[in-house]
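Trainee: The structure under discussion is supplied below as structure tokens; questions concerning it will follow.
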Amino acid sequence: MSGKSRLSFWQIWNMSFGFLGIQFGFSLQNANVSRIFQTLGAHIDDIAILWIAAPVTGLVVQPIIGYMSDNTWNGMGRRRPYFLVGAILATISLFIMPNSPSLWIAAGTLWIMDASFNVSMEPFRAFVGDMLPEEQTTQAFAMQSFFIGVGGVVASALPWMMTNWFGLSNVAEAGVIPDSVLYAFYTGGVVLLLSVLWTVYSTKEYSPEQLESFVQARKKRPDSSTITIKRTTAQYLNGAFIWLSIGILFTFMIYFQQLDKQLYVLSGGLIVFALLQWLASILQKNNRIDNGFYKVVEDLFHMPKIMKQLSLVQFLTWFSLFTMWIYTTPAVADFHYGTRDTSSLAYNQAGDWVGILFATYSGFAALAAFLIPVLAKKLNRRLTHLINLCLGGLGLISFYFIHDPELLVIAMVGVGIAWASILSVPYAILVSAVPPKKIGVYMGIFNFFIVIPQILAASVLGVLMRHVFSDKPIYAIMFGGACMIVAGLAMLWVDSPDNVHSTE
């Protein structure tokens, strides 16, 4: 076979449909976790550090899952087993999260939930590189952006719908999560599982032999996998990674001076690693998943040039997004509704309205997903991403200048356009620049530049909130907007992606 066949619109639709459910769960997490934390007693300064679970799990999970899925083949295929297992675990987590009896159980559940999202999400990115010829990758990632937008619209607005359409309470009484949030999470779990099942059963993957034939057809230079690192170096890095992780964890424990409560977070992390080990034992075939960490380290040191250039863009972009997800609810409640009392009607109205705002930017992202491939063709992917990120940054900065909360939907136009671009353009660029045999692991490594800024944000935003922003979360939102504009300008230093083609 000389090359991959072009897929029809509906085939791309089916292979992307699972992202609807993944984003459903992800949007419920982004729009409501800060609200849940505050309802369970978190101080505004502590919210950022409580979110540390999300980036830490992504940092560990995605490259390992990428490597594993690159080297997996069983009756379900290469990527689909990960779609399914991740969806099952995420569904269970969505059912548990709003029933958390205490703050630290909620924080531990977030570890498991975010890890589960990552188990499903990373292989979906690599799936595009597996299944489509290069000229269709931008269209496919835009289709994923469309489903992410649609899922985000409905999921973010679900608590508001539960209150205004079905009459469920949206008031947190005695530290108990409102029924509107509880049933929104239940609905999200069901939607997530069913949508992923649709993709699993409606798509068929290329066999390893077929994928190898595609690689050989494009091969023009030696495979980068012949470059190795001495095992002693890899072992040293492995040990350093483990001890660094333990050091960071205990630093957080000391910071809070509440070792007993931090053990909930530690337990959550251990459960995540246990689940990954269990998953590896199930999927391992003929010892093909041995020494996965060492392989990830080798590929990390030999990233393609354009991937290194994109790292700064990703770093600043996701720092901005993480800031927005953490502080939008506190900012809107404080700056636009004039309250910090989590048990008040005004605060919970603000929380519901933030869900609508997140739904709004997801809706604009779904619309923009169809326009981005057109704009990229007229300009190029680099300039397209630059423009879109600047629009998103301006949208976030405008939060300070818009005093009527209903008018914040205008700010979300720019955020939605940026979100659609963030979810499609960098990945379309990356697919053209990495070896086809290693799409999964490089997608996972690329995730480092998403989660490391989130870890940094979780570590420093609380300090900035106290000492720079005077405990006013609206300033954090503006700061996030400025970071997104700088990220857009950083695209000027990225080589033109339209002339980069990897054949390794």
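The values are calculated or read from the model by the stated rules, or taken from the named source; none is laboratory data. Predicted model, so just to flag it, every value in this text is computed and none were measured. Glycine also receives a Cβ, built like all others from the backbone with ideal geometry; neighbour counts cover every protein chain displayed.
Trainee: Kindly list, by first and then second residue, each pair from a residue in segment 152-176 that is in contact (Cβ under 8 Å) with a residue 60 or more places away in the chain to a residue that is surrounded by 19 or more Cβ atoms within 10 Å (Cβ to Cβ) and acidic (D, E), limited to pairs with Cβ atoms under 7 Å and residues at least 6 apart or on different chains.
Mentor: So the pair list comes out as P159/D352; W160/D352; T163/D352; N170/D352.
Trainee: Exactly one of (1) among the β-branched types (V, I, T); (2) at pLDDT 85 or above; (3) over 28 Å from W73 (Cβ atoms) is unmet by I92. Its number?
Mentor: (3)
Trainee: Of the residues that sit in segment 458-487 and are in contact with a Gly (Cβ under 7 Å, 6 or more places away or on another chain) and surrounded by fewer than 23 Cβ atoms within 10 Å (Cβ to Cβ), which one is farthest from Q314 (Cα to Cα)?
Mentor: Filtering segment 458-487 for residues that are in contact with a Gly (Cβ under 7 Å, 6 or more places away or on another chain) and surrounded by fewer than 23 Cβ atoms within 10 Å (Cβ to Cβ), the one farthest from Q314 (Cα to Cα) comes out as A482.
Trainee: Would a scan of segment 187-204 turn up a residue that is without any contact (Cβ under 8 Å) to a residue 60 or more places away in the chain, surrounded by fewer than 22 Cβ atoms within 10 Å (Cβ to Cβ) and not in a strand (DSSP E or B)? Break it down into steps so the answer makes sense when it comes.
Mentor: Pass one, segment 187-204, residues without any contact (Cβ under 8 Å) to a residue 60 or more places away in the chain: 187, 201.
Narrowing the set further to residues that are surrounded by fewer than 22 Cβ atoms within 10 Å (Cβ to Cβ) leaves 187, 201.
Subsequent filtering for residues that are not in a strand (DSSP E or B) retains 187, 201.
Yes: segment 187-204 contains one or more residues that are without any contact (Cβ under 8 Å) to a residue 60 or more places away in the chain, surrounded by fewer than 22 Cβ atoms within 10 Å (Cβ to Cβ) and not in a strand (DSSP E or B).
Trainee: Still on this structure: Could you please let me know if E122 is surrounded by fewer than 24 Cβ atoms within 10 Å (Cβ to Cβ) and either under 29 Å from F448 (Cα atoms) or of a type in the set (F, W, Y) (or both)?
Mentor: Here the answer is no, as E122 does not meet what is asked.
Trainee: For segment 358-385, which residues satisfy the criterion of being aliphatic (A, V, I, L, M) and either surrounded by 23 or more Cβ atoms within 10 Å (Cβ to Cβ) or assigned to a loop (DSSP other than H, G, I, E, B) (or both)?
Mentor: A359, A365, A368, A369, I372, A376, L379 - these are the residues of segment 358-385 that are aliphatic (A, V, I, L, M) and either surrounded by 23 or more Cβ atoms within 10 Å (Cβ to Cβ) or assigned to a loop (DSSP other than H, G, I, E, B) (or both).
Trainee: Those residues that are over 21 Å from W10 (Cβ atoms) and touching a Leu at 6+ places or on another chain (Cβ under 9 Å), I need them from segment 118-136; list them, please.
Mentor: V119, S120, listed by residue number.
Trainee: Of all residues in segment 447-476 being in contact with a Ser or Thr (Cβ under 7 Å, 6 or more places away or on another chain) and over 17 Å from F399 (Cβ atoms), which is modelled with the lowest pLDDT?
Mentor: Kept after step one, since they are in contact with a Ser or Thr (Cβ under 7 Å, 6 or more places away or on another chain), are these residues of segment 447-476: 449, 457, 461, 476.
Next, from what is left, pick out any that are over 17 Å from F399 (Cβ atoms): 449, 457.
Working: F449: 82, A457: 75.
The qualifying residue modelled with the lowest pLDDT is A457.
Trainee: Checking A346 against (1) part of a helix (DSSP H, G or I); (2) modelled with pLDDT of 85 or more; (3) surrounded by 15 or more Cβ atoms within 10 Å (Cβ to Cβ), only one condition comes out false. Which one?
Mentor: Evaluating A346 over (1) part of a helix (DSSP H, G or I); (2) modelled with pLDDT of 85 or more; (3) surrounded by 15 or more Cβ atoms within 10 Å (Cβ to Cβ) leaves (3) as the failure.
Trainee: Counting residues that are more than 20 Å from the chain's Cα centre (by Cα), which helices (runs of 4 or more DSSP H) fully inside segment 407-471 reach at least 2?
Mentor: 408-422, 448-467
Trainee: Quick one: in segment 392-403, of everything that is surrounded by fewer than 20 Cβ atoms within 10 Å (Cβ to Cβ) and in contact (Cβ under 8 Å) with a residue 24 or more places away in the chain, which residue is nearest to W493 (Cα to Cα)?
Mentor: L394
Trainee: Go through segment 367-405 and give me each residue that's small (G, A, S) and either closer than 20 Å to Q314 by Cα or in contact with a Pro (Cβ under 8 Å, 6 or more places away or on another chain) (or both).
Mentor: Across segment 367-405, the qualifying residues are A368, A369, A376, G392, G393, G395.
Trainee: Only one of these conditions is not met by V171: (1) β-branched (V, I, T); (2) crowded, with 24+ Cβ neighbours inside 10 Å; (3) outside any helix (DSSP H, G or I). Which number is it?
Mentor: The number of the failed condition is (2).
Let's see how each residue does on (1) in a helix (DSSP H, G or I); (2) at pLDDT 80 or above; (3) crowded, with 24+ Cβ neighbours inside 10 Å:
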position	(1), (2), (3)
L7	no, yes, no
M15	yes, yes, yes
G21	yes, yes, yes
G25	yes, yes, yes
A31	yes, no, yes
A42	no, no, no
I49	yes, no, no
L59	yes, no, no
I65	yes, no, yes
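Trainee: Which one of these is at pLDDT below 90 and within 18 Å of the chain's Cα centre (by Cα): A366, A376? Give the steps one after another, and end with the answer.
Mentor: On the way: A376 fails: within 18 Å of the chain's Cα centre (by Cα).
None of the others qualify; the one that does is A366.
Trainee: It is to be established whether one or more residues within segment 410-420 are hydrophobic (A, V, I, L, M, F, W, C), surrounded by fewer than 24 Cβ atoms within 10 Å (Cβ to Cβ) and touching a Phe, Trp or Tyr at 6+ places or on another chain (Cβ under 8 Å). Don't jump to the end; show me each part of the working.
Mentor: The first filter runs over segment 410-420 and keeps only residues hydrophobic (A, V, I, L, M, F, W, C), leaving 410-413, 415, 417-420.
The next check asks that each one be surrounded by fewer than 24 Cβ atoms within 10 Å (Cβ to Cβ); those that pass are 410, 413.
This time we only want the ones that are touching a Phe, Trp or Tyr at 6+ places or on another chain (Cβ under 8 Å), so: 413.
For segment 410-420, residues hydrophobic (A, V, I, L, M, F, W, C), surrounded by fewer than 24 Cβ atoms within 10 Å (Cβ to Cβ) and touching a Phe, Trp or Tyr at 6+ places or on another chain (Cβ under 8 Å): present.
Table: residues versus (1) more than 25 Å from S145 (Cβ to Cβ); (2) outside any helix (DSSP H, G or I); (3) of a type in the set (A, V, I, L, M, F, W, C); (4) touching a Lys or Arg at 6+ places or on another chain (Cβ under 9 Å).
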{"position": "Y82", "(1), (2), (3), (4)": "no, no, no, no"}
{"position": "I112", "(1), (2), (3), (4)": "yes, no, yes, no"}
{"position": "S120", "(1), (2), (3), (4)": "no, no, no, no"}
{"position": "P123", "(1), (2), (3), (4)": "no, no, no, yes"}
